[in-house]
Structure formats: structure tokens, C-alpha cells
Amino acid sequence: MRWERLALLREHRAGKVRGHRIQGVIADTPADPSNSRLKPLCDVTNLTVGSKASALVVARDIDGQPVTHGGEEISASILAIDGTTLCGCSVRDREDGSYEVIFCPPLPTAATLHITIQGVHVQGSPLEIGITSMPMGVSGVTAGDGNREASLGGRRHTGVFHCCTFCSSGGDKTATCACGATMPGGYLGCGHNHTGHPGQKHWSCCAQTNPSGPCTRPPSQYYQVTL
């Protein structure tokens, strides 16, 4: 047996024994940057300012085998063309060897997503991304903020203008979309290349694909009032 190194991952949850949660695991398969891979979870070439985007880092060891635990130090940043930091990123450890990188671009520009492990770029990094301004009349709405509305001259949208529910919600299985598409694995919302997906960005409240068009959801017989 060949071990490159042993590491104690104190924050990793190791399950339960006789009803007691065990914290921490000893890992003998650290992630190797040259074999780990960056995979965008949405169309990063056509992002809009203020929209939430995400990518997935899949860790593999020095032999190219999947790493099945979390706890790796993943560094993520968005850099502008001149090398300055455009915005920060949040990294969510899925504790299965994969890490979700979430960011919200603040400016319309060309940029790159940099992902490193132990200071070394993973496969697919740097990843080129394109950011455009929000169309006129559309207010920026990010995932999980369904109360913000875009005033478009007609009926107002109550959802988000997104590429898919998986990306806009950060992987929330309970998030839904009016387009009606679903994904396997218990996800209630839409995802890229899955049955029913419109194939382009759309409003989650009505599936309208025109970012500046009015909401097309059917009128409701119920009204909400605040007392």
C-alpha cells in the first residue's frame, strides 16, 4: 500500500456509531490538482451582472481515482483581465470529494475563474467567463430572493431570471421552476440538458424566455394581503 500522506480532517463528519456522531476522519488519498477537475454548472460565457453562478470542483488523487471525502483547501477567485480581483467566491464542501464554487459577478467584463488546490491550478482552471449587463428595465435578482420583482411595464415577475434552478438556487433540491423540468436525484427544479428545460435562460415564475417581457404566469384566484 502506498500513502502519499495521512491527514486528519477534523471538520469532516464521519457518520454515527451507536447513535453518536463521529467528527473527523483520517484521509490517505489527498486531492491532486493535476487530476482534479473544474466543471461549470451553468453557461459561464453569458452571465449577467448580479446573477448567481456556480461551478463544481471534482477532486481526484494522484492515481486519478475519485476522492470520496471532503476537507481539502480549495482556493477560488474571479480575476479581471488586468489581474485584479473582481469578486470573491464561496466554496461549499459537499463532503464527497466535490466542492461547489458560487459567485455573483458585479461588473460587465471578461474575466477568469481561478481554482487551485495547494496553490496549483486544477484541470479547467483558469476558466474564461463572460459577464454582460442586465437588460434595460430588469432589476438584478439573485437566487433565493424571490420577493424581489422586476418591473417590466406589464405583470411583474416574482421569480428569478436564470439558466436553471440548480444553478440559481445553489443546488437546492426543493427549488422549483415554472418551466416544469425536473432532474433525477430528487431535484424538483430544472437543470441543463434535462427533459423539459427551455434550452435558454428564463424566468422561474412563468418560464418566459424574454428577460424584458412581462410575466406570463396564469392569473391566480387567490390574493395575498398584509394586515
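Okay, here's what the table says:
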item	result
Stretch gain in nm, segment ASN210-ASP172, where the contour uses 0.36 nm per residue and the Cα spacing is subtracted	11.2 nm
Rel. contact order, % - alpha carbon contacts under 8 angstrom, at least six apart, segment 31-132	35
Bins of 10 Å, starting at 0 and running to the largest distance - Cα pair percent for segment 31-132	17, 51, 26, 7
Neighbour-count ranking [beta-carbon atoms within 10 angstrom, fewest first] of ILE74, ILE81	ILE81, ILE74
Order by protection proxy (mean Cβ within 10 Å, highest first), peptides 180-193, 200-213	200-213, 180-193
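Computed from the coordinates by the stated procedures, all read-outs in this text should not be read as laboratory data. Everything numeric in this text was worked out from a predicted model, so none of it was measured. Neighbour counts run over all protein chains shown; Cβ positions are idealised from the backbone, glycine included.
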